[in-house]
Amino acid sequence: MASSSSLCTCLFTDCMSHNTSLPLINHVPNFSPFKFHINTKTRATHYRKAMAVALQPAQEVTTTRKPPVKERRVVVTGMGVVTSLGHDPDVFYNNLLDGVSGISEIDTFDCSEFPTRIAGEIKSFSSDGWVAPKFSRRMDKFMLYLLTAGKKALVNGGITQDVIDELNKQKCGVLIGSAMGGMQVFNDSIEALRISYKKVNPFCVPFTTTNMGSAILAMDLGWMGPNYSISTACATSNFCILNAANHIIRGEADMMLCGGSDATIIPIGLGGFVACRALSQRNSDPTKASRPWDVSRDGFVMGEGAGVLVLEELEHAKKRGATIYAEFLGGSFTSDAYHVTEPHPDGAGVILCIEKALAQSGVSREDVNYINAHATSTPAGDLKEYQALFHCFGQNPGLRVNSTKSMIGHLLGAAGGVEAVATVQAIRTGWVHPNINLENPDEGVDASVFVGPKKERLDIKAALSNSFGFGGHNSSIIFAPYK
């Protein structure tokens, strides 16, 4: 039900648009800030009458019930990544399977005065052939990563220009988010402003906002379906993936590009997280710094990059002869409603999120035998997530749990997208990647559920991928083999 203030506003606007006298004001005779002689009781009576008129609906609204939509299944038909371990989903996943670390000393700027000087930094990247040069020179790296990973996901899915030309572009959309947006562009513009406003990059505002990557990708493709971004800190990608799937399930789209992108390994990004006291300071041994669940973990390691999936309605995918990598079964979001950065002490929000994801997906907890955990290598976060997982799946025989972040660090808003690719690759290949650096498990965990230091064979029945963000944002999504 609309509020009285919104109804009044609508009536006032309607009167103005028709250039008529204002009936609500006419109910109050001679009302003027310069005339105070009106009896207060009389004015109140007239006001109540006016409000009664305002609350009357202008006309009866009739609604037509939306016809039921036939159950629509969602499948993964393409993957794209930009990471410190490679820019191709197979190269990326093979490096994960081999236990390769993408974490090293930062070399894009002088961070010698910082207490943290390591990150999952991308050392070699080119957007040539993926982004027009006139844009690539001005764009923030988060947008370059996003556009490149998004277009590579299309190629990976066999979606050539000929296929794109045949698609119903009104039923194709883009939902790729970012936690931090164009931090470098914004920072550069602040520095330019110190000289003169005339020096500010005219693309400062549009190339800083988190939605613009999705918007430009849609422009490049001519896709006119759902197009926006979501920013829920480090849970961003999962929120985007689940919402994209829901657009397909509701019949609003047949194909969606979805995931996340972030590029915050710059002085202000590093300095901000240092100030939060969230980062590892194991500078002397970068490849050992990210160590989820290990007793000597001392904070997360920043990463950067992008991860994008092509989600597609099953019959649409089959009709075009697409390779189906996995099926997306569903997921859920919840809020801890507790603290800006700390997880809820009893894990209630995470447990609720997992249980709702299982219910929404129609998956029994016994069928989940692989979990790609959020596990960032922080003292509190890793343990709280483990306790929630144990609560939900502690009785599952053969359960295997790992953390992609042990090798690439924490990609913030892109983490869930890249980890979704890792999860789908685990389903596709039948191999789950190791947990590196888990040398002395925290005494509060049962180490038998964790993947060891080498890759392991696993026939995955259902796979859960978690992402949690500052602000208490929880998200869980579930994939399974397509059958």
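Being within 25 Å of ILE106 (Cα to Cα), open to solvent by 10 Å² or more (accessible area, probe 1.4 Å) and in contact (Cβ under 8 Å) with a residue 24 or more places away in the chain is true of ASN437.
The residues of the range 269-287 that are loosely packed, with under 14 Cβ neighbours inside 10 Å and among the aliphatic types (A, V, I, L, M) amount to a single one, ALA275.
Residues checked against (1) under 22 Å from the mean Cα position of the chain (by Cα); (2) surrounded by 24 or more Cβ atoms within 10 Å (Cβ to Cβ); (3) part of a helix (DSSP H, G or I):
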site	(1), (2), (3)
ALA119	yes, yes, no
SER124	no, no, no
ASP128	no, no, no
PHE135	no, no, yes
PHE142	yes, yes, yes
LEU147	yes, yes, yes
LYS151	yes, no, yes
LEU154	yes, no, yes
LEU175	yes, yes, no
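So for the range 72-93 (the condition being out of contact with any strand residue (DSSP E or B) (no Cβ under 7 Å at 6 or more places or on another chain), outside any loop (DSSP other than H, G, I, E, B) and open to solvent by less than 50 Å² (accessible area, probe 1.4 Å)), does at least one residue qualify? Yes; the residues of the range 72-93 include at least one that is out of contact with any strand residue (DSSP E or B) (no Cβ under 7 Å at 6 or more places or on another chain), outside any loop (DSSP other than H, G, I, E, B) and open to solvent by less than 50 Å² (accessible area, probe 1.4 Å). Within the range 341-368, no residue that is farther than 26 Å from LEU412 by Cβ and without any contact (Cβ under 8 Å) to a residue 12 or more places away in the chain sits with its Cβ atom under 7 Å from a residue that is outside any helix (DSSP H, G or I) and open to solvent by 70 Å² or more (accessible area, probe 1.4 Å) at 6+ positions apart or across chains. Selection within the range 348-359: residues that are modelled with pLDDT of 95 or more and either at positive phi or more than 18 Å from the chain's Cα centre (by Cα) (or both). The member of this set that is surrounded by the most Cβ atoms within 10 Å (Cβ to Cβ) is LEU358.
Mind checking which residues of the range 277-330 are more than 30 Å from GLU113 (Cβ to Cβ) and part of a strand (DSSP E or B)? Listed by number, the residues that qualify are GLY307, VAL308, LEU309, VAL310, LEU311, GLU312, GLU313, ALA326, GLU327, PHE328, LEU329, GLY330.
When GLY259, GLY213 are screened for being farther than 24 Å from GLU71 by Cα, open to solvent by less than 10 Å² (accessible area, probe 1.4 Å) and either more than 19 Å from the chain's Cα centre (by Cα) or not hydrophobic (A, V, I, L, M, F, W, C) (or both), only GLY213 passes. For TRP431, the criteria (1) in contact with a strand residue (DSSP E or B) (Cβ under 7 Å, 6 or more places away or on another chain); (2) open to solvent by less than 10 Å² (accessible area, probe 1.4 Å) hold in every case but one, which is (2).
Take the conditions (1) open to solvent by 10 Å² or more (accessible area, probe 1.4 Å); (2) without any contact (Cβ under 8 Å) to a residue 60 or more places away in the chain; ALA388 misses just one of them, which is (1).
The values are calculated or read from the model by the stated rules, or taken from the named source; none is laboratory data. Here the structure is a predicted model, which is why all the values come from computation and not from measurement. Cβ coordinates were reconstructed from backbone atoms using ideal geometry, including for glycine residues, and neighbour counts include every protein chain displayed. Side chains are part of the model used for accessible areas, which takes the heavy atoms of the whole protein and leaves out ligands, DNA and RNA. Shrake-Rupley method; radii C 1.70, N 1.55, O 1.52, S 1.80 Å.
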